[in-house]
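The values are calculated or read from the model by the stated rules, or taken from the named source; none is laboratory data. Since the structure is predicted, the reported quantities are computational estimates derived from the model, not experimental observations. Positions of Cβ are generated from backbone atoms using ideal geometry, with glycine treated the same way; all protein chains shown enter the neighbour counts.
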Amino acid sequence: MDRIKKRKLLSKTLSYYVVFGILLLLIALPFYYFYYQRYYIHEIDEYLLGQKDEVCKKGLNTLRVDEIPLWNKFNIDKKILPDDGQTETSRFVTSECYDEHEKENISCRILYSRIKIEGKDYILSIHLSIYEAKKIIQFGTILHLIFFSILLIGFVIITHLLYKKLWRPFYQTLSEIRRFNIRNSEIPVFHANNVREFSQLNKAVEILIANSVQAYKIQKEFTENASHEMQTPLAVFQSKLDIMLQQQDLSESQMQIIQSLYEATSRLTRMNKNLLLLAKIDNLQFLDTQDLNVVEILDNLLPFLLEQAEANHITTTIKTGNKSLMIQANRTLLESLVNNLITNAIKHNAPNGNLSVELEQNKLVVCNTGTGKSLNRKMLFHRFGQMNEKVKGSGLGLAIVKQICVQYGWDIAYDYENGMHRFSVVFG
Amino acid sequence: MKILLIEDEAELAQSIVEYLSKQDYLCEHAATYNNAIERITLYDYDCILLDLMLPDGDGLSLLETLKKEKKKTGVIIISAKGSLDDRIKGIHIGADDYLSKPFHMSELGVRIYALIRRAQYSSNNIITSNGLTINLLSKEVFFNEEEVVLTKKEFDLLLFLIGNKNRVVSKNALAEHLSGDMADMLDNQDFVYAHIKNLKGKLYKAGHNNDSIKTIYGVGYKWIE
């Protein structure tokens, strides 16, 4: 979607108008030019016919052959020519003729017709200059072109000016929506405007936002309620175990049952806590960030984690160096990420395996000895995606890690190489 | 020692009352907001255990009332609302401690122990048990005038056991106490055993009677005074 070039609505609209305008211009101007020319010539032809009829009716029957030169002398646009037998008659011809005023050859429309003077055949030629007419048509066409262009340019300018004014409510709404943050559950107030479409848009967005805020609130409440509802029975269960443990006459086998129940409740508690944590990360409830030094966080967390590794007979290698690595994040989330990665590497380690935690530049790498094969990359970061019957995890550890990385735009990668599972997080 | 438990979940309340009663506390129970207000105005308590979600009112406003009356009662919030906001709000209004459900009875026991001891012996930070003298400020332990050098974990462990003396403390509770928020990530609680072993060894070396810490079938431990 991003590859599609985004253009302003204005230029999109205008480009259609401009293309239409130019096309119209290209078609209309030649059409105008040629149509007017044809119409004009038709009018001239009618005039020439009229002239011929008039000449024939009045005077030609009284004209004598010896008077022809004299007649020709007084009629500038009419001539009586001897019939050479080759001139086509009763036809209009456009041709060049010599003009006395302009002293040059100009375009004329000529009508030749056959007449009889004293029984002899003659050709009557009547002509009219179309030179001026052509010029007028050309001038008109140019005027048309100029006005049309002004119209088009004016249209573009006015649309530009109008666009800013007309779309102002839209941009106001847009900036309100951009400023909207569902976490503060503030429903934005849109400016009133007198455009029906924008009013409708504002109304629709208001409803949409109100619904989202409501849904977000319900989800948050649900998270809290679910937490309460699940934790209370868990608390009852655990407290009863604590009470039962105080009994004086418990046998060893009864104690073992109690121990199993303790383990089950603690696993249930852990799942509940992790589900809540995930829901809270999803709900963006960990928004407050601070400058954190990853080296410092590791130094705080590692003693306890290494103790765990030692209890599981795991050999550990730590390479954090003395440098500091500052990042912007929420402390709870960063600690959770580190804890989850390292405890995973302890829990899923092979007997007498190795664990290494390395910090290189802006990358945290946690490796542990695997049990022979690569993990399913597709399911690895899914909730309950990589459940292992032997290791009783909550099934949510890596989902939490992934979710934290998504929130901060960190890259998380998994590799399997030389029998080692390798998780690396690139900060920033 | 008088404790008021404000908790609407009857079964949980029963367990807490039973556990605390056996530790020589006089524990009263209020299941509703109104009942709790009534008791607070009528009697004085050394410690109040407060659930935030009550059927007829908000625990936080109860805490506010309590602080307005300037009662010196220590307050521990016990809540299913584990969110940081509530914790901060509660402590801000004047709660002394916060425990989110579910919690171990022994953890509750040691918190109450610490709270009451702080209130009563504010100038005295020494506790004694079975001949051991523990300085809480300097975190030093003495037996027969000689210091028993303990690690931080071992010291915490000892205090936890003494705070729940004569009660069986489960290995789970100890693991969670020692590791704080991280405990719920691990299944293996062998590290508790290792610390207990070290603590026992150090006490034995100092000449202390080694019967003080009793192991209960690998499920829990007990400090016998």
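Odds and ends about this structure:
- Residues within region A:111-126 that are part of a strand (DSSP E or B) and free of Cβ contacts under 8 Å to residues at least 60 places away in the same chain, tallied: 10
- Just one of the listed residues (A:TYR17, A:TYR40) is within 19 Å of A:SER107 (Cβ to Cβ) and either assigned to a helix (DSSP H, G or I) or touching a residue at least 60 places away in the same chain (Cβ under 8 Å) (or both), namely A:TYR40.
- Looking across region A:197-250, just one residue is in contact (Cβ under 8 Å) with a residue 60 or more places away in the chain and exposed (fewer than 15 other Cβ atoms within 10 Å of the Cβ), and that is A:GLN219.
- When residues of region B:15-27 are limited to those that are free of Cβ contacts under 8 Å to residues at least 40 places away in the same chain and crowded, with 17+ Cβ neighbours inside 10 Å, the one farthest from B:GLU107 (Cα to Cα): B:CYS27
- Test: residue in region A:301-321 that is more than 13 Å from every other protein chain (Cβ to nearest Cβ), in a helix (DSSP H, G or I) and farther than 17 Å from B:ASP190 by Cα: no
- Tally, over region B:28-40, of residues that are touching a residue at least 24 places away in the same chain (Cβ under 8 Å) and farther than 17 Å from B:ALA10 by Cα: 3
- Residue tally, condition among the aliphatic types (A, V, I, L, M), modelled with pLDDT under 90 and surrounded by fewer than 16 Cβ atoms within 10 Å (Cβ to Cβ), over region B:191-225: 1
- The residue that is nearest to A:ASP45 (Cα to Cα), counting only those in region A:82-109 that are in a strand (DSSP E or B) and touching a Ser or Thr at 6+ places or on another chain (Cβ under 6 Å), is A:ARG109.
- Test result for B:TYR193, outside any loop (DSSP other than H, G, I, E, B), more than 20 Å from A:GLU310 (Cα to Cα) and within 12 Å of chain A (Cβ to nearest Cβ): no
- Region A:351-377 - residue that is among the hydroxyl-bearing types (Ser, Thr, Tyr) and in contact (Cβ under 8 Å) with a residue 40 or more places away in the chain and, of those, farthest from A:GLY419 (Cα to Cα): A:SER356
- Taking helices (runs of 4 or more DSSP H) as the structural unit, those lying wholly within region B:10-81 and holding at least 1 residues that are within 14 Å of chain A (Cβ to nearest Cβ) correspond to B:10-21, B:59-68.
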